[in-house]
Amino acid sequence: MKDLTTWTLEAIRGDDTMMSWLEERRYEWAPIVGSAITKVLEGQSVILLTDDANRWFETYIVRRINRPGSNRPLLPFFSFEAVYPHVDAVRTDQDIDLLFDMLSLSCPQGYFFWYIGKADHPRARIALRNDESLLWVMDEEMTNSFTLRSYDELIDIKLLQLYRLFEKTLSAALFAEIDLGQ
């Protein structure tokens, strides 16, 4: 069984679709993703939430994560809009508290948000209120987040590469090929 950082480096180098930028940032990546995957293995649900510019990516993840033929168990990944279609009407802390109450009832093993987007987007408030969230934040450095640049001309490709690595890591963890070090 390999540690997550070593496995990540080997996975990046062994995949022709990965670029060197990801290899350089593996030390930022490993603890954040390791924590999220540990929660999934413990039975927590993942609620995907994005800003407007990255909604396409949310749809991509939801459609890919449990695709037929993936040779692994189905995992609890959900689009927040599918769970609560009125997400854009959430404005106050009380609204967020009510959402958290609903999710606590719906996900008895726990849940966390996977937010992808800018930190100043209204939807980000929901994910930022949950300390357990997996955050891929655009244009702002934040503690316990993986930072990207929305103005990067390769941002879509980088998001797809990150997802590819995330999914490979998830499969490796499910089949006890890596030690998440949690």
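The values are calculated or read from the model by the stated rules, or taken from the named source; none is laboratory data. Owing to the predicted nature of the structure, the values given are computational and were not obtained by experimental measurement. Glycine gets a Cβ as well: all are built from the backbone with ideal geometry, and neighbour counts include every protein chain shown. Side chains are part of the model used for accessible areas, which takes the heavy atoms of the whole protein and leaves out ligands, DNA and RNA. Shrake-Rupley method; radii C 1.70, N 1.55, O 1.52, S 1.80 Å.
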> Hey, got the dipole for the stretch 1-62? About the Cα centre, +1 on K and R Cβ, -1 on D and E Cβ, debye to the nearest 20?
Replying inline: 160 debye
> Add -39500 (n - 2.57) for each DSSP H run of 4 or more in the chain, then divide by its residues: what number comes out at 222 nm, to the nearest 500 deg cm²/dmol?
Replying inline: -14000 deg cm²/dmol
>> Using alpha carbons only, how many angstrom separate the centre of the stretch 122-149 from the centre of the stretch 71-104?
In response: 16 Å
>> At a threshold of 8 angstrom on Cα-Cα distance, excluding pairs fewer than six apart, so keeping six or more, what relative contact order does the chain reach in percent?
In response: 30 percent
>> Tell me which of Ser35, Leu128, Ala11 sits at the most positive position along the dipole axis of the chain, charges placed on C-beta atoms (Lys, Arg +1; Asp, Glu -1).
In response: Ala11
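Please work out the average accessible area per residue across the chain, using the 1.4 Å probe convention, and give it in Å².
Values: 9280 Å² over 182 residues.
With the other protein chains kept in place, the chain gives 51 Å² per residue.
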>> Just to verify a number: what accessible area does Thr6 come out at with the full protein assembly present, 1.4 Å probe, Å² rounded to tens?
In response: 60 Å²
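Quick one, could you list the DSSP H helices from the chain stretching 27 Å or more along their long axis (Cα atoms) with average Kyte-Doolittle hydropathy of 0.5 or above? Before the final figure, lay out each step's value.
Numbers: long enough: 155-174 (28 Å, 0.63).
What comes out of the filter, once short or polar helices are dropped, is 155-174.
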>> On a 1.4 Å probe surface of the protein chains, which of Tyr27, Tyr163, Tyr84 comes out largest in accessible area, and what is the full order?
In response: Tyr27, Tyr84, Tyr163
> Radius of gyration and Dmax for the stretch 48-115's Cα atoms, expressed in Å?
Replying inline: 13.3, 42
> Picking from Phe100, Thr169, Ala119, whose Cα lies most toward the positive end of the charge dipole for the chain (charges on Cβ: Lys, Arg +1; Asp, Glu -1)?
Replying inline: Thr169
